[in-house]
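Take a look at the structure below.
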Amino acid sequence: MLSNNQKLIAVIGATGHQGGAVVRALQASGQFKVRALSRNPVKHRDLADEVVEADLNRPETLQPAFADAHGVFLVTSSSLAGTDEFTQGTAAVGAAKAAGVKHFVWSTLPDVEAISGGKFDVPHFTRKAKVDRVVMEAGFANHTFVIAPFFYQNLAGAMAPQKQADGSMGWALPLDPSVRCIHMGDIRELGPIVAGAFAHPDQAGQGEYLPLVGDFMGFNEIVDELNRQGHNFSFTQVPADVFATFFPGAAEIAAMLRYFEAHTYLGSDSSDRIALANKIAGRQPTKFSTWARLNVPVQNP
């Protein structure tokens, strides 16, 4: 039974990895009423307390979808063709402000252009980072930035091991595998950080950056951990210019991995931010070894 003092949180991207995790964590906390926003609400009727149509590419749908909401969680996707994340983010911020939203939580990424002095071009990071200033300047009573890590899920999905020239299964990437540079995590655990930020605006609502980090590893450590668990994976370092020819979009992946190597995923020492995120979430995120044991099954020959 919903009590009248539960604050309503509108979640954009509620059918995706991040938004779905946020919906579940908000519901589990029992402190909030959740309105899931979807381009196709009929398909997702049971997703949350309310399911409302909204489309980031149709800005006129946003303000009605934010009506009466205390908070908004926004994530944009760089993987959808024709998506302009800066335009989408700016539209969502403006609509939330116009609807009287008090606490805006934006899922951002490090500004690679600024961190590297323009040396590395990783648009799907930098385009998100450019929205930070729009959020900051909008004048919400509270705003929070959360940072998604390199998903553990990538290693079983988009970046799963492939058959290599020597017949082994593994990775061929333009990255020095001995450099510890990848801030990683189970993306489903972003939810408790976001729910915690909405619950504790005094500690996490003044523009804090809260990264989800379950582990910090180099690729050798990733491969060693998996092989300890019974796999037999390999790693080959390939030149960035060669990798860039492997598939459409490979050049940006190569630039991203070279950025990691030079600056780490988060771009700087983020230990204080990580500690605050874990405190706000009220839990320590899952380590890679634990996640892998459950999610990367050993294939017996």
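The values are calculated or read from the model by the stated rules, or taken from the named source; none is laboratory data. Just so we're clear, the structure is a prediction, and the values are computed from it rather than from any experiment. All Cβ positions, even for glycine, are placed from backbone atoms using ideal geometry, and neighbour counts span all protein chains on display.
Details
- Screening 213, 223, 179 for residues that are surrounded by fewer than 18 Cβ atoms within 10 Å (Cβ to Cβ) and either within 27 Å of residue 268 (Cβ to Cβ) or touching a residue at least 24 places away in the same chain (Cβ under 8 Å) (or both) leaves exactly one candidate, 179.
- Scanning segment 46-96 for residues that are among the aromatic types (Phe, Trp, Tyr) and out of contact with any strand residue (DSSP E or B) (no Cβ under 6 Å at 6 or more places or on another chain) yields a single hit, 86.
- Taken residue by residue, segment 123-138 has at least one member that is aliphatic (A, V, I, L, M) and in contact with a Lys or Arg (Cβ under 6 Å, 6 or more places away or on another chain).
Residue-by-condition table, conditions (1) buried (at least 21 other Cβ atoms within 10 Å of the Cβ); (2) modelled with pLDDT under 95; (3) touching a Cys at 6+ places or on another chain (Cβ under 8 Å); (4) within 19 Å of residue 193 (Cα to Cα):
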{"site": "9", "(1), (2), (3), (4)": "yes, no, no, yes"}
{"site": "45", "(1), (2), (3), (4)": "no, yes, no, no"}
{"site": "61", "(1), (2), (3), (4)": "no, no, no, no"}
{"site": "64", "(1), (2), (3), (4)": "no, no, no, no"}
{"site": "68", "(1), (2), (3), (4)": "no, no, no, no"}
{"site": "84", "(1), (2), (3), (4)": "no, yes, no, no"}
{"site": "90", "(1), (2), (3), (4)": "no, no, no, no"}
{"site": "99", "(1), (2), (3), (4)": "no, no, no, no"}
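- Which listed residue, of 172, 197, is in contact (Cβ under 8 Å) with a residue 60 or more places away in the chain, touching a helix residue (DSSP H, G or I) at 6+ places or on another chain (Cβ under 6 Å), surrounded by 15 or more Cβ atoms within 10 Å (Cβ to Cβ) and outside any loop (DSSP other than H, G, I, E, B): 197
- Taking the criterion of being in contact (Cβ under 8 Å) with a residue 40 or more places away in the chain, in a loop (DSSP other than H, G, I, E, B) and either crowded, with 24+ Cβ neighbours inside 10 Å or in contact with a strand residue (DSSP E or B) (Cβ under 9 Å, 6 or more places away or on another chain) (or both), the residues of segment 102-121 that qualify are 102, 110.
- Picking from residues in segment 251-276 that are in a loop (DSSP other than H, G, I, E, B) and in contact (Cβ under 8 Å) with a residue 24 or more places away in the chain, the one that is surrounded by the fewest Cβ atoms within 10 Å (Cβ to Cβ) is 268.
- So residue 146, is it of a type in the set (Val, Ile, Thr) and part of a strand (DSSP E or B): yes
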